[in-house]
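To start, the structure itself, in structure tokens.
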Amino acid sequence: DVKVTQSSRYLVKRTGEKVFLECVQDMDHENMFWYRQDPGLGLRLIYFSYDVKMKEKGDIPEGYSVSREKKERFSLILESASTNQTSMYLCASSLPWNQPQHFGDGTRLSIL
Amino acid sequence: DAKTTQPPSMDCAEGRAANLPCNHSTISGNEYVYWYRQIHSQGPQYIIHGLKNNETNEMASLIITEDRKSSTLILPHATLRDTAVYYCIVLTGNQFYFGTGTSLTVIP
């Protein structure tokens, strides 16, 4: 089975901090994704990556950056955390083109 | 970009079939329909996907209309553990567009 592991289930940070969310997958998938999930808004794509050192903006990239130095690891960075970034963050991975995405269990991030 | 429309909520009696509808009237010929579900405080779980033909696996069946403008996910014998939010998604390239899904409650 595909395993997508997110480093923390719950995280509390302060406004202005630089925050790193880590995601690791064990199935050698080319594609990796970061979403945020908010009540009433569903899942929204922040960034995705087709390959190592490749990244593409999703629908809501503002205030975020990503890093993919190794194939199995995809990091989401909040450069200067703000309260409106309090949310559930979900990482996913997949093989290319028309293949299912497999999700981690999410990180619930609170910015105080 | 193709988008989907689902009813916000549905109930189903335990042991009965749950039929979850989805409209995707703007879908294009090479876009797949995916179904996921999400149980509270967990990440979305893949269920099934299809392009044109009906599909079945150990979890569910997917019925896609001939014009591809709508589909139905069928859970043949719903259990209490099937209570979850179910998402119908159209895959465009590598991007999933999640809506707000259907909250399915299985009633004992």
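The values are calculated or read from the model by the stated rules, or taken from the named source; none is laboratory data. Just so we're clear, the structure is a prediction, and the values are computed from it rather than from any experiment. All Cβ positions, even for glycine, are placed from backbone atoms using ideal geometry, and neighbour counts span all protein chains on display. For accessibility, only protein heavy atoms count, side chains too; no ligands or nucleic acids. Shrake-Rupley method; radii C 1.70, N 1.55, O 1.52, S 1.80 Å.
Rounded to the nearest 100 Å², what is the buried accessible area between B and A, both sides summed, probe 1.4 Å?
Interface between B and A: roughly 1800 Å².
Would you work out what percent of the accessible area of chain B, with all protein chains in place, is carbon or sulfur (probe 1.4 Å)?
For chain B, the apolar C and S fraction of the accessible surface comes to 49 percent.
With every protein chain left in place, what is the accessible area of A:Tyr35 in Å² (1.4 Å probe, nearest 10)?
Result for A:Tyr35: roughly 0 Å² accessible.
Give me the accessible area per residue for the range A:25-73, probe 1.4 Å, as a whole number in Å².
Per residue, the range A:25-73 has 51 Å² of solvent-accessible surface.
What is chain B's relative contact order, in percent, from Cα pairs under 8 angstrom and six or more apart in sequence?
37 percent
Considering chain B as a Gaussian network with a 10 Å cut-off on Cα pairs, which listed residue, B:Glu58, B:Glu66, B:Glu14, attains the greatest mean-square fluctuation?
Sorting by GNM fluctuation, first place goes to B:Glu58.
With 21 Å as the limit, write out which pairs from A:Lys18/A:Lys71; A:Lys3/A:Lys71; A:Lys71/B:Lys3; A:Lys3/A:Lys70 have Cα-Cα distances beyond it, or answer none.
The answer is A:Lys18/A:Lys71; A:Lys71/B:Lys3.
Can you bin the range A:1-47 into rounded, prolate or oblate? Criterion: square roots of the alpha carbon gyration tensor eigenvalues sorted a ≥ b ≥ c, rounded for a/c under 1.5, prolate for a/b above b/c, oblate for the rest.
The shape class here is oblate.
List, largest first, the extents of the alpha carbons of the protein assembly as shown along their principal axes, each in whole Å.
50, 37, 31
Looking only at B:Arg37, B:Arg68, B:Arg81, which one moves most when chain B is put into a Gaussian network model with springs between Cα atoms under 10 Å?
Checking each option, the largest mean-square fluctuation is seen for B:Arg81.
So who's got an amide H within less than 5 Å of the one on B:Ser103, skipping anything under 5 residues away but keeping other chains? H placed 1.01 Å off N, in plane.
Answer set, sorted by chain and number: B:Ser9, B:Met10, B:Tyr86.
Compute a Gaussian network model of chain A, connecting alpha carbons closer than 10 Å, and tell me which residue from A:Asn84, A:Asn98, A:Asn31 fluctuates the most.
Residue with maximal mean-square fluctuation among A:Asn84, A:Asn98, A:Asn31: A:Asn98.
Based on the alpha-carbon gyration tensor of the range B:51-108 and its eigenvalue square roots a ≥ b ≥ c, which shape applies: rounded if a/c is under 1.5, prolate if not and a/b is larger than b/c, or oblate?
Verdict is oblate for the range B:51-108.
Enter the mean number of other protein chain beta carbons within 10 Å of the beta carbon of each residue in B:37-43, as an integer.
The per-residue average across the peptide is 4.
Out of B:Ser71, A:Met88, B:Asn23, whose Cα points farthest toward the positive end of the dipole of the protein assembly as shown (charges: +1 Lys, Arg; -1 Asp, Glu; placed on Cβ)?
A:Met88
Only four residue types carry charge here, +1 at the Cβ of Lys and Arg and -1 at the Cβ of Asp and Glu. Report the dipole size of the protein assembly as shown about the Cα centre in Debye, rounded to the nearest 20.
Dipole magnitude for the protein assembly as shown comes out near 460 debye.
Taking a probe of 1.4 Å, how large is the accessible area per residue of chain B, in Å²?
Counting only protein heavy atoms, the per-residue value for chain B is 49 Å².
Have a look at the DSSP beta bridges in chain A and tell me what percent are antiparallel, nearest 5.
Bridges in chain A that DSSP calls antiparallel: roughly 90 percent.
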